[in-house]
Amino acid sequence: VIARNNAKPCDQCGDKLTVPGNDLNKLPESERPRVAQFLHGGPLYCESCYANVPACDKCDWHIDEGAAAEHLRTVHKA
């Protein structure tokens, strides 16, 4: 069941991505921050989009500019 349902579109460009497992140690070190962000409730971006989306100054999650205000309001509650 998991293998059949482990796809998700990139939150930026919509390309189909395979949702990685939760063992980050099995991933290349360069992939870990991108996947960890998703596993902790953030957006899932493909490698290209992740590199082009700006990082939040407070947590280093890469957040699309259109979602930045919502991210700050919900994740960084004052």
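The values are calculated or read from the model by the stated rules, or taken from the named source; none is laboratory data. Remember, it's a predicted structure, so these values are computed and weren't measured experimentally. Please note: Cβ atoms are built from the backbone with ideal geometry, for glycine as well, and neighbour counts cover all protein chains shown. Surface areas here come from the heavy atoms of the whole protein model, side chains and all, with no ligands, DNA or RNA. Shrake-Rupley method; radii C 1.70, N 1.55, O 1.52, S 1.80 Å.
Round to a whole number: what % of the accessible area of the chain belongs to carbon and sulfur, probe 1.4 Å?
Ligands and nucleic acids excluded, carbon and sulfur give 50 percent.
So between residue 23 and residue 68, what do we pick up on full extension, going 0.36 nm a residue minus the alpha carbon distance?
The residue 23-residue 68 span can extend by a further 13.4 nm.
Given a 1.4 Å probe and heavy atoms of the protein chains only, how would you sort 19, 75, 1, 53, largest accessible area at the top?
Largest accessible area first, the residues go 1, 75, 19, 53.
In square angstrom, what is the accessible area per residue of the chain with a 1.4 angstrom probe?
Details: 5510 Å² over 78 residues.
Using a 1.4 Å probe on heavy atoms only, each residue of the chain averages 71 Å².
Nearest 20 debye, what's the magnitude of the dipole of the chain about its Cα centre given +1 on Lys and Arg Cβ and -1 on Asp and Glu Cβ?
So the dipole magnitude of the chain works out to roughly 300 debye.
Any idea which of 24, 68, 56 is furthest toward the positive side of the dipole for the stretch 8-78, if Lys and Arg beta-carbons carry +1 and Asp and Glu beta-carbons -1?
The one lying farthest along the dipole's positive direction is 24.
Taking Cα pairs under 8 Å and at least six residues apart, what relative contact order does the chain come out at, in percent? Intermediate results must be reported in sequence, preceding the final value.
On the way: 64 pairs, mean separation 15.6, N = 78.
Relative contact order of the chain: 20 percent.
Amide H to amide H, which residues 5 or more places from residue 17 or on other chains are under 5 Å from it, using H placed in the peptide plane?
8, 10
Stretch residue 6-residue 40 to full length: gain in nm at 0.36 nm per residue minus the Cα-Cα span? Mind showing how you got there, number by number?
Values: separation 34, 0.36 × 34 = 12.24 nm, distance 1.65 nm.
Result: 10.6 nm gained on full extension.
In square nanometres and to one decimal, what's the mean projected area of the convex hull around the Cα atoms of the chain? Kindly include the intermediate steps, with their values, before the conclusion.
Details: hull surface 23.0 nm².
Its average projected convex-hull area is 5.7 nm².
Using the Karplus curve 6.51 cos²θ - 1.76 cosθ + 1.60 with θ = phi - 60°, what ³J(HN,Hα) values do you get for each residue of the stretch 38-47, in whole Hz, with x for Gly and Pro?
Those phi angles translate into 5, 5, 9, x, x, x, 10, 10, 5, 4 Hz.
As a check on your grasp of the helix formula, calculate [θ] at 222 nm for the chain: sum -39500 (n - 2.57) over DSSP H runs of n ≥ 4, divide by the residue count, round to the nearest 500.
So the helix-based figure for the chain works out to -7000 deg cm²/dmol.
Show the residues, 5+ positions off or on another chain, whose built amide H is closer than 5 Å to the amide H of residue 62.
56
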